[in-house]
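This report refers to the structure that appears directly beneath it.
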Amino acid sequence: MSALVLDRGSRTVRGDSLERLAAAGVGEVISVLGPAPHYDVEQLAAKMNNARFVLLGSDISPGEQINIGVHVSMFPLVLVLWSDLDLGRLTDRAMRRISEIDALCVVPSIRSDRGVVIPSVAAPAFHGTLFRTIPTQPGKQRAESLYPFDYIGVYSREKFTSLGGYDPKIDNPYWQRLDFGLRTYLWGERIAVVPELRVDATRPLPSDDTTPDASYARFHLKNLAVKFGGDSGKIPLRYILRFMLRSGLGPVEALRIFRGIRSWVGANRYRFTQDARRVTKLWEVDD
């Protein structure tokens, strides 16, 4: 298994995190670093034989960073963490559970910097026509989550690549994760919860920005607007007027995005196995 570490915090936090992961027994550690100068990289590389560093030329979204990290990984499983999180020890029980589960991603139980297990598991719900997510704690309901909380989890390299990874055109991290997670279920995969895999935060976790912005408009069109019938998914052409009126975009930009995403859905129409309404309905039945 590879450990892919996204940078968030001081150089001291990063160095400690990478060394703990190397000692935990992973096959390799991949550290993704932003465009700011990183004077400790050579020192860390000299100390850690199984570490590699990806130095980015510009700021990109966490999802894009994961896309790059998974691409360069040499192992079939990729554990994604932030540098201010502590994995602790990879127990044999946790590794056995991960290997037994045929999931696109396995997400852990996460404790806050105060030692409290946080509600990191997401369930889908519709309130009328409004789609929302309901946070719960691991083990409270079924052993699946709609998306990986804060991107944290063990990803199947093969399944992740087949799904297309995270959408680089969605800037908002919340809508980027939700797009990834809902597409996982729309295309017949799943995100499993393994509480035996534990992660501890070393400082307060960032909050999500759930503002319905341009990222939401793209997420909505790719996922909620898709209707499944027979053996394929599609966006009905009549949906264009509703999207143009409610997207918050100008008419020219809204039309451009609608055409592009409707074409993308058409090209992938046979990848869809259900729509968002059915995902939510089956989730509620299983719970």
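Tell me yes or no: at least one residue of the range 166-188 is more than 14 Å from the chain's Cα centre (by Cα) and without any contact (Cβ under 8 Å) to a residue 40 or more places away in the chain. Let's see the steps before the verdict.
The initial filter retains those residues of the range 166-188 that are more than 14 Å from the chain's Cα centre (by Cα), namely 169, 186-188.
In the following step, the residues that additionally are without any contact (Cβ under 8 Å) to a residue 40 or more places away in the chain were identified as none.
No: zero hits.
Just one of the numbered conditions (1) under 30 Å from Phe243 (Cα atoms); (2) surrounded by fewer than 17 Cβ atoms within 10 Å (Cβ to Cβ) is not true of Arg203; which one?
Exception for Arg203: condition (1).
Name every residue in the range 209-228 that is open to solvent by 10 Å² or more (accessible area, probe 1.4 Å) and aliphatic (A, V, I, L, M), in order of residue number.
Across the range 209-228, the qualifying residues are Ala214, Leu224.
Does Ser162 count as more than 16 Å from Arg278 (Cα to Cα), of a type in the set (Gly, Ala, Ser) and surrounded by 22 or more Cβ atoms within 10 Å (Cβ to Cβ)?
Spelling it out, it is not the case that Ser162 is more than 16 Å from Arg278 (Cα to Cα), of a type in the set (Gly, Ala, Ser) and surrounded by 22 or more Cβ atoms within 10 Å (Cβ to Cβ).
Within the range 200-208, identify whether any single residue is of a type in the set (Ser, Thr, Tyr) and free of Cβ contacts under 8 Å to residues at least 40 places away in the same chain, and answer yes or no.
Keep residues of the range 200-208 that are of a type in the set (Ser, Thr, Tyr), which gives 202, 207.
Those still in the list that are free of Cβ contacts under 8 Å to residues at least 40 places away in the same chain too: 207.
Taking every residue of the range 200-208 in turn, at least one turns out to be of a type in the set (Ser, Thr, Tyr) and free of Cβ contacts under 8 Å to residues at least 40 places away in the same chain.
Answer yes or no: is there a residue in the range 33-53 that is among the β-branched types (Val, Ile, Thr), under 25 Å from Gln176 (Cβ atoms) and in contact with a strand residue (DSSP E or B) (Cβ under 8 Å, 6 or more places away or on another chain).
First pass over the range 33-53, keeping only residues among the β-branched types (Val, Ile, Thr): 41.
If we keep only those that are under 25 Å from Gln176 (Cβ atoms) as well, we get none.
Among the residues of the range 33-53, not one is among the β-branched types (Val, Ile, Thr), under 25 Å from Gln176 (Cβ atoms) and in contact with a strand residue (DSSP E or B) (Cβ under 8 Å, 6 or more places away or on another chain), which makes the answer no.
In the range 270-287, which residues are buried (at least 16 other Cβ atoms within 10 Å of the Cβ) and more than 16 Å from His220 (Cα to Cα)?
Once the filter is applied, which keeps residues that are buried (at least 16 other Cβ atoms within 10 Å of the Cβ) and more than 16 Å from His220 (Cα to Cα), the range 270-287 yields Arg271, Thr273, Trp283.
Six or more apart or on different chains, Cβ under 7 Å: which pairs go from a residue in the range 216-237 that's touching a residue at least 60 places away in the same chain (Cβ under 8 Å) to one that's surrounded by fewer than 22 Cβ atoms within 10 Å (Cβ to Cβ)? Could you list them?
Final answer for the pair search is Leu224/Phe131; Leu224/Ala276.
If you check Arg114 against the conditions, is it free of Cβ contacts under 8 Å to residues at least 24 places away in the same chain, open to solvent by 30 Å² or more (accessible area, probe 1.4 Å), basic (Lys, Arg) and assigned to a loop (DSSP other than H, G, I, E, B)?
Judged against the criteria, Arg114 is a match.
Mind listing whichever residues of the range 37-76 are in a loop (DSSP other than H, G, I, E, B), open to solvent by 60 Å² or more (accessible area, probe 1.4 Å) and either within 21 Å of Ser10 (Cβ to Cβ) or acidic (Asp, Glu) (or both)?
Residues of the range 37-76 that are in a loop (DSSP other than H, G, I, E, B), as a first pass: 37-40, 48-50, 56-61, 73-76.
So of that shortlist, the ones also open to solvent by 60 Å² or more (accessible area, probe 1.4 Å) come out as 37, 39, 49, 57-59, 74-76.
Result: Pro37, Tyr39, Asp59.
Taking the range 120-136, which residues are open to solvent by less than 70 Å² (accessible area, probe 1.4 Å) and assigned to a loop (DSSP other than H, G, I, E, B)? Walk me through how you get there before you give the answer.
Within the range 120-136, the subset open to solvent by less than 70 Å² (accessible area, probe 1.4 Å) is 120-126, 128, 131, 133-134, 136.
Listed by number, the residues that qualify are Ser120, Gly128.
Starting from the range 253-269, keep only residues that are closer than 13 Å to Phe219 by Cα and among the aromatic types (Phe, Trp, Tyr), then list their pairs with residues that are in a helix (DSSP H, G or I) and open to solvent by 30 Å² or more (accessible area, probe 1.4 Å) whose Cβ atoms are within a distance under 7 Å, requiring at least 6 positions of separation or different chains.
Once the first residue is closer than 13 Å to Phe219 by Cα and among the aromatic types (Phe, Trp, Tyr) and sits in the range 253-269, its partners that are in a helix (DSSP H, G or I) and open to solvent by 30 Å² or more (accessible area, probe 1.4 Å) give Phe258/Ile240.
Does Leu104 satisfy the condition of being modelled with pLDDT under 95 and in contact with a helix residue (DSSP H, G or I) (Cβ under 8 Å, 6 or more places away or on another chain)?
Numbers: modelled with pLDDT under 95: no; in contact with a helix residue (DSSP H, G or I) (Cβ under 8 Å, 6 or more places away or on another chain): yes.
So Leu104 fails the test.
So the check is Cβ under 6 Å with 6+ separation or different chains; which pairs have a first residue in the range 82-107 that's farther than 13 Å from Val26 by Cβ and in contact (Cβ under 8 Å) with a residue 40 or more places away in the chain and a second one that's in a loop (DSSP other than H, G, I, E, B) and basic (Lys, Arg)?
As it stands, the answer is Trp82/Arg8; Ser83/Arg8; Asp84/Arg8; Asp84/Arg203; Ala103/Arg190, since those pairs meet every condition given.
Can you tell me which residue in the range 1-36 is most open to solvent (accessible area, probe 1.4 Å), limited to those that are under 21 Å from Arg157 (Cα atoms) and part of a loop (DSSP other than H, G, I, E, B)?
Gly25
The values are calculated or read from the model by the stated rules, or taken from the named source; none is laboratory data. Everything numeric here is computed off the predicted structure, so don't read it as measured data. Ideal geometry is used to build each Cβ from the backbone, glycine not excepted, and the neighbour counts take in all protein chains shown. Heads up: the accessible areas ignore ligands, DNA and RNA and are worked out on the full protein's heavy atoms, side chains in. Shrake-Rupley method; radii C 1.70, N 1.55, O 1.52, S 1.80 Å.
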